[in-house]
Amino acid sequence: MKTTPATQVPEAPVVELQDVTKTYPGGVHALRSVDLVVEAGELLAIVGPSGSGKSTMLNIIGTLDRPTSGTVRIAGHRVTGLSDSQLSALRARHVGFVFQHFHLAPGRDAVDNVADGLLYTGAGRKERRTRARAALERVRLGHRLDHRPHELSGGEKQRVAIARAIVGEPRLLLADEPTGALDTASGEIVMELLHGLNATGTTVCVITHDNDIADSLPRRVRFRDGAVVSGSRAREVAG
Ligand code: ADP
């Protein structure tokens, strides 16, 4: 059993939102008093129809945007009060992103695309490329290292994007409609990979409008009209 020295505080939740609201200019209430706790090691879906506030949530959890009010803690760090550069550092260290349309750099091979995920760590090019190759092996693309995006299938591109997201070993992987641009078989491979990464310790949060994908995950946080309607704490959905 893992022991915790008496002086060590218990591991903070990876995500902790308290009474978070987001109101866009023009008075759109995109998030209304959202509470959410995601513990280390979880695999969950944030699910809801278009316009329910999922992208806004992704931006706030990923520290790409700030809430209008409420408290956001990521890996135990309170986001309010951090400068933009402190926020970038927090994000680079703790959060990996995967997007529906991959966002790979055209004309650069898979290794360089993944190595870019380490640009903010201070690691030299050789080390970045070595770690990138290892990350590509983890997503089973060891045979595609020197392929550029236009030489890869959609599913392979998404696996490169996943490798880029995890190469820095973030605590949290945020995947925004990761299978939305893929055929069913490629989508299944991507979901299997996300399950595998979660099994080896990464906390994974999938943002989706797709109920089938949400239902395939151990926890669902359901959104409607900017509010969480169920699943704000893991124990609510136990059993
Ligand atoms: P989802 O990702 O579930 O489709 P969003 O978070 O994109 O939902 O949007 C939630 C609400 O906020 C919608 O009514 C949307 O029109 C509005 N919204 C999103 N982004 C902006 C913005 N930058 N400015 C104004 N309104 C926005």
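Does Ala175 meet the test of being among the hydrophobic types (A, V, I, L, M, F, W, C), surrounded by fewer than 20 Cβ atoms within 10 Å (Cβ to Cβ) and in contact (Cβ under 8 Å) with a residue 12 or more places away in the chain?
For Ala175, the condition - among the hydrophobic types (A, V, I, L, M, F, W, C), surrounded by fewer than 20 Cβ atoms within 10 Å (Cβ to Cβ) and in contact (Cβ under 8 Å) with a residue 12 or more places away in the chain - is not met.
If you take the residues of region 59-109 that are of a type in the set (Gly, Ala, Ser) and assigned to a helix (DSSP H, G or I), which of them is surrounded by the fewest Cβ atoms within 10 Å (Cβ to Cβ)?
Among residues in region 59-109 that are of a type in the set (Gly, Ala, Ser) and assigned to a helix (DSSP H, G or I), the one surrounded by the fewest Cβ atoms within 10 Å (Cβ to Cβ) is Ser85.
Consider region 129-157. How many of its residues are in a helix (DSSP H, G or I) and either of a type in the set (Ser, Thr, Tyr) or touching a strand residue (DSSP E or B) at 6+ places or on another chain (Cβ under 7 Å) (or both)?
1
Could you please find all residues in region 216-231 being in a strand (DSSP E or B) and either more than 20 Å from the chain's Cα centre (by Cα) or not β-branched (Val, Ile, Thr) (or both)?
Arg219, Arg220, Arg222, Phe223, Arg224, Ala227, Val229, Ser230
Would you be able to tell me the number of residues in region 142-157 that are under 12 Å from Asp109 (Cα atoms) and in contact with a helix residue (DSSP H, G or I) (Cβ under 8 Å, 6 or more places away or on another chain)?
Within region 142-157, residues that are under 12 Å from Asp109 (Cα atoms) and in contact with a helix residue (DSSP H, G or I) (Cβ under 8 Å, 6 or more places away or on another chain) number 8.
Among what's in region 123-138 and is surrounded by fewer than 14 Cβ atoms within 10 Å (Cβ to Cβ) and under 22 Å from the mean Cα position of the chain (by Cα), pick the residue that is farthest from Gln86 (Cα to Cα).
Glu137
Which condition number in (1) within 16 Å of the ligand (Cβ to nearest atom); (2) closer than 17 Å to Pro49 by Cα is the one that Asp215 fails?
Tallying (1) within 16 Å of the ligand (Cβ to nearest atom); (2) closer than 17 Å to Pro49 by Cα, Asp215 fails exactly one: (1).
Name every residue in region 183-239 that is under 23 Å from Pro13 (Cα atoms), in contact with a Gly (Cβ under 9 Å, 6 or more places away or on another chain) and among the polar types (S, T, N, Q), in order of residue number.
Asn198, Thr202, Thr203, Thr208
Somewhere in region 67-82, is a residue of a type in the set (D, E, K, R), within 14 Å of the chain's Cα centre (by Cα) and at pLDDT 95 or above?
Within region 67-82, none of the residues are of a type in the set (D, E, K, R), within 14 Å of the chain's Cα centre (by Cα) and at pLDDT 95 or above.
For region 62-81, state whether one or more residues are within 16 Å of the ligand (Cβ to nearest atom) and closer than 30 Å to His150 by Cβ.
Checking region 62-81: at least one residue is within 16 Å of the ligand (Cβ to nearest atom) and closer than 30 Å to His150 by Cβ.
Go through (1) among the aliphatic types (A, V, I, L, M); (2) buried (at least 16 other Cβ atoms within 10 Å of the Cβ); (3) farther than 17 Å from Ala227 by Cβ; (4) touching a Ser or Thr at 6+ places or on another chain (Cβ under 6 Å) and name the single condition Ala40 misses.
Against the list (1) among the aliphatic types (A, V, I, L, M); (2) buried (at least 16 other Cβ atoms within 10 Å of the Cβ); (3) farther than 17 Å from Ala227 by Cβ; (4) touching a Ser or Thr at 6+ places or on another chain (Cβ under 6 Å), Ala40 comes up short only on (2).
Gly26 - would you say it is away from the ligand (no atom under 16 Å from the Cβ), free of Cβ contacts under 8 Å to residues at least 12 places away in the same chain, over 23 Å from Arg233 (Cβ atoms) and part of a loop (DSSP other than H, G, I, E, B)?
No; evaluated as a whole, the condition is false for this residue.
Inspect all residues belonging to region 2-9 and state whether any of them is at pLDDT 95 or above, out of contact with any Phe, Trp or Tyr (no Cβ under 6 Å at 6 or more places or on another chain) and more than 16 Å from the ligand (Cβ to nearest atom).
No - not one qualifying residue is present in region 2-9.
Yes or no: region 192-204 includes at least one residue that is closer than 17 Å to Phe99 by Cβ and within 16 Å of the ligand (Cβ to nearest atom).
Checked region 192-204: no residue is closer than 17 Å to Phe99 by Cβ and within 16 Å of the ligand (Cβ to nearest atom).
The values are calculated or read from the model by the stated rules, or taken from the named source; none is laboratory data. Computed from a prediction, not measured in an experiment: that's the story for all the values here. Cβ coordinates were reconstructed from backbone atoms using ideal geometry, including for glycine residues, and neighbour counts include every protein chain displayed.
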